[in-house]
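To keep things clear, I will list the structure first and then write my remarks on it.
The values are calculated or read from the model by the stated rules, or taken from the named source; none is laboratory data. Keep in mind that what you see is a predicted model, and the values were worked out from it rather than measured. For neighbour counting, all protein chains shown are included, and Cβ atoms are generated from backbone atoms with ideal geometry for every residue, glycine included. Accessible surface is based on the protein model in full, side chains and every heavy atom, while ligands, DNA and RNA are left aside. Shrake-Rupley method; radii C 1.70, N 1.55, O 1.52, S 1.80 Å.
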Amino acid sequence: MTKRKLGNSSIEIAPLALGGNVFGWTIDQPTSFKILDGFVDAGFTFIDTADIYSTWVPGHKGGESETIIGNWLAQTGKRSEVVIATKVGLDMSPQDKGLSKAYILREVEASLQRLQTDYIDLYQSHKDDLSTPLDETLEAYSQLVKQGKVRFIGASNFTHDRLAESLRLSEENAWPRYESLQPNYNLYDREDFETNLEPLCLNSDVGVIPYYSLASGFLTGKYRSEQDTAGAARGQGIKKFLNDRGFRILAALDRVAKEYDANPTRVALAWLLARPSITAPIASATSLEQLKDLTEAVHLKLSADAVQELNEASAPATARTAVM
């Protein structure tokens, strides 16, 4: 399997990242261990999580996903075989949030303890913090890199201007730079990334590891009406995709999937992987069957015609209006 380099870092990964948001949320620790084992056994290494996973679950306080991953690392001894990416900055509590130097230096210790590791391969700003100067955040990361607690840093949910300014400051001050961006990007959510962020990432050689690669499961094709969302953990979030454009995308996915004897999940991920800016999409699995779909997608190579069909079906409304 051909590996891809993450930005200008020395990290090379197979082109799929396993999302750890479901660990301790929709699947328990034993099931999470099976997913992690299956992912690594299939030749993949990149595991993405965050300190905040899963504060939204009643009774949880955050760190549940990191704790499960740490327990798996301790049980299997596979720390050197995987790339661990986690994030800091979103609200762990009303007081515990942001990207101040003091908070980052404190919170990284909690993540390291939960993950049962001495270092984090990719430590990411989960969301830009407008109340903290960019140089303060980057100085904190520089200290952690010098201490060996963090290898590289990444950004998530940054705007073009703030990412560009961060890259400029890193270069001017010889600080570590954001080697990756984690945006919301998939066949449905295209416009913001492609218009504002993709050119910067390509020109600056910033790796892209998009989240919601399957639009919260909508692009798997299992949600085709409001009735299908009943009882689903992400049901409420799916409803916004149930419109003419969403159905047009599903129809195109169905056609291409039939052509390749695949399914919508694999085709949606293969479309992402065909885009030059993308290093590795992030996707989560709650069963080994789902995991197989994710890992098989890496081997699906779409033709230019198939990519074009999906591009046209998923073109944002503004783009379609311009064409018409």
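Charging the Cβ of each Asp and Glu at -1 and of each Lys and Arg at +1, and nothing else, the dipole of region 47-205 about its Cα centre rounds to 620 debye. Annotation: per residue accessible area for region 236-324 equals 49 Å², rounded to a whole number [probe 1.4 Å, protein chains only]. Peptides 174-180, 120-126 ranked from most to least packed by the mean count of surrounding Cβ atoms within 10 Å: 120-126, 174-180.
Estimated from the Cβ-Cβ distance and a Förster radius of 35 angstrom, the FRET efficiency linking Ser225 and Lys61 is about 0.45.
In region 141-241, the alpha-carbon atoms span a convex hull of 117 Å³ per residue.
Remark: the chain carries a charge dipole of roughly 380 debye about the Cα centre, counting +1 on each Lys and Arg Cβ and -1 on each Asp and Glu Cβ.
Using only Cα atoms, find the angle between the long axis of helix 304-314 and the longest principal axis of the chain, and express it within 0 to 90 degrees, rounded to the nearest 10. With both axes taken from Cα atoms, the answer is about 90 degrees. Taking 19 Å as the cut-off, the amide N atoms of region 142-165 that come nearer than this to a point 7 Å along the Cα-to-beta-carbon line of Leu130 belong to 156-165. Each semi-axis of the equivalent ellipsoid for region 173-324 is √(5λ) with λ an eigenvalue of the Cα gyration tensor; in descending order they amount to 25, 19, 17 Å. Against the chain, whose longest principal axis is taken from its Cα atoms, helix 134-147 shows a tilt of about 70°. When all alpha carbon pairs of the chain are counted in 20 Å bins from zero, the resulting P(r) reads 32, 60, 8 %. Using a probe of 1.4 Å on the protein chains alone, the accessible area found for Val83 is around 20 Å².
In the chain, what % of DSSP beta bridges are antiparallel (nearest 5)? About 10 percent, rounded to the nearest 5. Helix 29-41 versus the longest principal axis of the chain: what is the Cα-based angle in degrees, 0 to 90, to the nearest 10? Result, in degrees: 80. Positive-end ranking of Thr137, Leu122, Trp56 along the dipole of region 10-144, with charges on Cβ about the Cα centre, is headed by Trp56.
Sorted largest first, the principal axis extents computed over the alpha-carbon atoms of region 235-324 equal 43, 34, 26 Å.
Residues Ser204, Ser156, sorted by accessible area with the largest first, give Ser204, Ser156 [1.4 Å probe; ligands and nucleic acids excluded]. Spin-label model, Ala317 to Ala102: label points 7 Å out along the Cα-to-beta-carbon direction sit 4.5 nm apart.
Express in whole angstrom the spacing between the alpha-carbon centres of region 254-305 and region 77-116. Cα centres, region 254-305 to region 77-116: 30 Å. For the residue pairs Lys5/Lys146; Lys78/Lys149; Lys258/Lys292; Lys5/Lys149; Lys97/Lys240, the C-alpha atoms sit more than 25 angstrom apart in Lys97/Lys240. A simple charge model with +1 on the Cβ of Lys and Arg, -1 on the Cβ of Asp and Glu and nothing else charged puts the dipole of region 64-112 at about 160 debye relative to its Cα centre. Distance between the modelled labels on Glu296 and Ala42, one decimal in nanometres: 1.0 nm (7 Å Cα→Cβ projection). Scaling against 2.2 N^0.38 Å puts the C-alpha radius of gyration of region 212-275 at 1.08.
Sorting the segments 65-74, 217-226 by their residues' average number of neighbouring beta-carbon atoms within 10 angstrom, most packed first, yields 65-74, 217-226. With all protein chains kept in place, the per residue accessible area of region 1-158 amounts to 40 square angstrom at a probe of 1.4 angstrom. Per atom type, the chain shows carbon and sulfur on 48% of its accessible surface, probed at 1.4 Å. Once the Cβ-Cβ distance of Lys258 and Thr26 is raised to the sixth power relative to R0 = 30 Å, the FRET efficiency obtained is 0.50. Taking other residues whose beta carbon is less than 14 angstrom from the beta carbon of Trp175, and scoring Lys, Arg as +1 and Asp, Glu as -1, yields -3. Model label points for Asp91 and Thr2, set 7 angstrom from Cα along the Cα-to-Cβ axis, are 4.4 nm apart.
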